[in-house]
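Visitor: Mind having a look at this structure? Questions to follow.
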Amino acid sequence: MFSWLEKNPFFFAVAVFIVIAYAGVVEVLPSFADNARPIEGKKPYSVLQLAGRQVYINESCNACHSQLIRPFKSETDRYGEYSKSGEFAYDRPFLWGSKRTGPDLARVGNYRTADWHENHMFDPTSVVPGSIMPAYKHMFNKNADIETAYAEAVTVKKVFNVPYDVEGQTKLGTWQEASEEVQAEAKIIIDQMKNQEIKDAFARGEIREIVALIAYLNSLK
């Protein structure tokens, strides 16, 4: 057989390709599967964070901000530890991005506070002189879509086996239980904010988009 292959270069090349491809699959796939598993301590997004993530997507924040720190010294010096695939195990869709009109946000939760985000989204130049980012004042008047966020959490739990309601992971529960968790999480953020209209709206049982967005940004660490 081998002598026949040596006399037929085309089939020899095909056989070599098949062997190399098979070896590559056997070597790469297990490692890829291991790297794709959630990193230690990674938890699914809370319902409020999912609502904020949807605001982030709707406003096309990913068009100007990446969420992927590459393993280069210039990147890690500025943004922190480089990104690992297991950090994004619960992201649907991924928001890695490649364009940075603004800074990368993969670790923004480590160095920005709720009141900073509040001022930045209402008037970017008040905290970043010369910023070209537009103001997002409408987020202070529009309510977050908590019901859709809860439905998304329930869906990924059932379809993708995301570990909600597992010991040590994010609690989801019933709609009533989730609503109580959302209120408690939102209160912590709102207590750090200064906008009185946001506080008044929360007292009426309303959670503005800006609050949900801050919850999401705070989760990026």
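The values are calculated or read from the model by the stated rules, or taken from the named source; none is laboratory data. Remember, predicted model here, so these are calculated numbers, not experimental data. Glycine also receives a Cβ, built like all others from the backbone with ideal geometry; neighbour counts cover every protein chain displayed. Surface accessibility is based on the protein's heavy atoms, side chains included, excluding ligands, DNA and RNA. Shrake-Rupley method; radii C 1.70, N 1.55, O 1.52, S 1.80 Å.
Visitor: If you scan the range 195-221, which residues turn out to be surrounded by 13 or more Cβ atoms within 10 Å (Cβ to Cβ), among the small types (Gly, Ala, Ser) and in a helix (DSSP H, G or I)?
Guide: Ala201, Ala212, Ala215
Visitor: Given the conditions (1) within 16 Å of the chain's Cα centre (by Cα); (2) touching a residue at least 60 places away in the same chain (Cβ under 8 Å); (3) open to solvent by 70 Å² or more (accessible area, probe 1.4 Å), which single one is not true for Tyr90?
Guide: (3)
Visitor: If you don't mind, there's one more thing I want to ask. Assess whether Arg100 counts as being basic (Lys, Arg), out of contact with any Phe, Trp or Tyr (no Cβ under 7 Å at 6 or more places or on another chain), outside any loop (DSSP other than H, G, I, E, B) and open to solvent by 30 Å² or more (accessible area, probe 1.4 Å).
Guide: Here the answer is no, as Arg100 does not meet what is asked.
Visitor: Looking at Ala184, is it surrounded by fewer than 14 Cβ atoms within 10 Å (Cβ to Cβ), free of Cβ contacts under 8 Å to residues at least 40 places away in the same chain and either under 17 Å from the mean Cα position of the chain (by Cα) or under 27 Å from Ile39 (Cβ atoms) (or both)?
Guide: Considered against the rule, which asks whether it is surrounded by fewer than 14 Cβ atoms within 10 Å (Cβ to Cβ), free of Cβ contacts under 8 Å to residues at least 40 places away in the same chain and either under 17 Å from the mean Cα position of the chain (by Cα) or under 27 Å from Ile39 (Cβ atoms) (or both), Ala184 comes out as yes.
Visitor: Checking Gly130 against (1) in a loop (DSSP other than H, G, I, E, B); (2) touching a helix residue (DSSP H, G or I) at 6+ places or on another chain (Cβ under 9 Å); (3) small (Gly, Ala, Ser): exactly one of these is not met. Which one?
Guide: (2)
Visitor: Now a separate question. Inspect the range 52-67 for any residue being within 16 Å of Ile189 (Cα to Cα), open to solvent by less than 20 Å² (accessible area, probe 1.4 Å) and either modelled with pLDDT of 95 or more or over 14 Å from the mean Cα position of the chain (by Cα) (or both) and give the result as yes or no. Break it down into steps so the answer makes sense when it comes.
Guide: Pass one, the range 52-67, residues within 16 Å of Ile189 (Cα to Cα): 52-53.
Going one step further and asking which of them are open to solvent by less than 20 Å² (accessible area, probe 1.4 Å), we end up with 52-53.
Now drop any that are not either modelled with pLDDT of 95 or more or over 14 Å from the mean Cα position of the chain (by Cα) (or both), which leaves 52-53.
Checked against the condition, which is being within 16 Å of Ile189 (Cα to Cα), open to solvent by less than 20 Å² (accessible area, probe 1.4 Å) and either modelled with pLDDT of 95 or more or over 14 Å from the mean Cα position of the chain (by Cα) (or both), the range 52-67 yields at least one hit.
Visitor: Being surrounded by fewer than 22 Cβ atoms within 10 Å (Cβ to Cβ), without any contact (Cβ under 8 Å) to a residue 40 or more places away in the chain and farther than 20 Å from His65 by Cβ is the requirement here; does Gln192 meet it?
Guide: When the stated conditions are applied, Gln192 does not pass them.
Visitor: Within the range 135-152, is there a residue that is of a type in the set (Val, Ile, Thr), crowded, with 17+ Cβ neighbours inside 10 Å and in a helix (DSSP H, G or I)? Working first, answer last.
Guide: So the first thing to find is which residues in the range 135-152 are of a type in the set (Val, Ile, Thr), and the list is 146, 148.
Now restrict to residues that are crowded, with 17+ Cβ neighbours inside 10 Å: 146.
Right, trim to in a helix (DSSP H, G or I) and you get 146.
Looking through the range 135-152, at least one residue is of a type in the set (Val, Ile, Thr), crowded, with 17+ Cβ neighbours inside 10 Å and in a helix (DSSP H, G or I).
Visitor: Quick one: in the range 1-10, which of the residues that are open to solvent by 100 Å² or more (accessible area, probe 1.4 Å) and assigned to a helix (DSSP H, G or I) is modelled with the highest pLDDT?
Guide: Within the range 1-10, the match that is modelled with the highest pLDDT is Phe10.
Visitor: When only residues in the range 155-165 that are modelled with pLDDT of 95 or more and outside any helix (DSSP H, G or I) count, which is surrounded by the fewest Cβ atoms within 10 Å (Cβ to Cβ)?
Guide: Within the range 155-165, the match that is surrounded by the fewest Cβ atoms within 10 Å (Cβ to Cβ) is Asp165.
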